[in-house]
Amino acid sequence: MTDPYDGGPIAALRRIAFLLERGREDTFKVKAYRRAAAAILPLGEAELRRTAQEGRLTDLSGVGTSTAEVIDQALGGELPARLAKAERDHGGPLTAGGAELRAQLRGDLHSHSDWSDGGSPLEEMAMTAMELGHDYLVLTDHSPRLTVAHGLSAARLGRQLEVIDAVNRHLGGGTDTGEGFTLLRGIEVDILEDGSLDQSAEMLDRLDLRVASVHSKLRMDGAAMTRRMITAVRDPHTNVLGHCTGRLVTGQRGTRPPSDFDARAVFTACAEEGVAVEINSRPERRDPPTRLLELARDLGCLFSIDSDAHAPGQLDFQVYGCERAEAAGIPAERIVNTWPRDRLLAWARN
Ligand SMILES: [Zn+2]
Ligand SMILES: [Zn+2]
């Protein structure tokens, strides 16, 4: 006896993908579900049912045996077995703490789409953020020098801004209406070796919010790294200092020690400039380390709790950062993504 299900096949496939990503499963396995959802989307229900009845689902490019089974079961009004398993394996709470703070977050300031090194279209990231109850998601694909991550040239970023505008029109949101969900225009801009930002001032000015992060020469001398980071923090375009130590504590990419820099000097500059210190929620980053998180707290810094999601299901990682912020006793008022969108945008414009 199976449970009834009335969500339809596309919702079932998207939910399975979301849960697998949230559970940090191999993205290769997840792709199949997202591809199948995209494959049946243009068909419409009548044609999809006909295709299923004739047993031709696997003829569709992007639909395999296991995804066809999900579609068949969902069309038949029963909970797909694969979805039931994904809910069992990955549907539970990710953390013991952090829920109270997570409920106060209105958005996420750091996310990637397939325009750079993310795995999904920006529309899918936006839709999932909306389903998670966010008022806004800042899309922050990488900047040009980060070629391994397909960083966006000024021209590509310009095209992306047009797509973001179109998505917002479609969703009925947008920065002028003040209502509903908005996909905000952002960037994760590389902090170059001299502390300058890897995008033109003209393009940076066109964005709603800018996360600045170090991705190269992480092992440089401590004094030089301190100067580099402070120069970036003092740049008037910078709103958020992303994953400040660059450390990796676990995961497929192996581990990496934190960069060497004078954290007191860097966080003092952040506090003076009103730049938020990011609490990066990715399980393999947990950045900044607790000792630095507490130092930034004591120096009066603002914070942002970001998912740094590279796939829709990873947007749910924020609770990891919330758990750490709660444990460190950081007041919600100092976490900029608890603020309403207009307040956030006004802060980011300065
Ligand atoms: Zn980064
Ligand atoms: Zn990132």
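Side notes on the structure shown:
- In region 11-54, Rg over Rh equals 1.09, where Rg is the alpha-carbon radius of gyration and Rh the Kirkwood radius from pairwise Cα distances.
- Largest first, the residues R341, R227 sort by 1.4 Å accessible area into R227, R341.
- The longest part of the chain holding none of the exposed loop GluC sites (Glu not before Pro), meaning those outside H, G, I, E and B in DSSP with at most 11 other Cβ atoms within 10 Å, is 180-350.
- Each listed q (0.18, 0.22, 0.23, 0.24 Å⁻¹) maps to a log10 I(q)/I(0) for region 74-136 from the Debye sum over equal C-alpha point scatterers, namely -0.97, -1.07, -1.07, -1.07.
- Against the compact-protein benchmark of 2.2 N^0.38 Å, the Cα-based radius of gyration of region 207-335 scales to 0.98.
- Neighbourhood net charge (13 Å Cβ-Cβ; Lys/Arg +1, Asp/Glu -1) for G62: +2
- Cα-derived Rg to Rh of the chain, Kirkwood definition: 1.00
- Looking at region 243-291, the trypsin sites (Lys or Arg not before Pro) that sit in a DSSP loop and have at most 15 other Cβ atoms within 10 Å of their own Cβ are R253.
- Mean accessible surface per residue for the chain, computed with a 1.4 Å probe while every protein chain stays in place, in Å²: 43 Å²
- Magnitude of the charge dipole for the chain, about its Cα centre and with charges confined to Cβ atoms of Lys, Arg (+1) and Asp, Glu (-1), is about 640 debye.
- A Gaussian network model of the chain, with springs between Cα atoms under 10 Å, assigns the largest mean-square fluctuation among R102, R297, R219 to R219.
- Over all projection directions, the Cα-based convex hull of region 9-90 averages an area of 4.7 nm².
- Expressed as a whole percent, the accessible surface of region 99-349 that belongs to carbon and sulfur atoms is 49, based on a 1.4 Å probe.
- Bins of 10 Å from zero: percent of alpha-carbon pairs in region 1-137: 11, 38, 34, 14, 3
The values are calculated or read from the model by the stated rules, or taken from the named source; none is laboratory data. Just so we're clear, the structure is a prediction, and the values are computed from it rather than from any experiment. Every residue, glycine among them, receives a Cβ derived from its backbone with ideal geometry; neighbour counts consider all protein chains shown. For the accessible areas, the whole protein counts, side chains as well, though only heavy atoms, and no ligand, DNA or RNA atoms are used. Shrake-Rupley method; radii C 1.70, N 1.55, O 1.52, S 1.80 Å.
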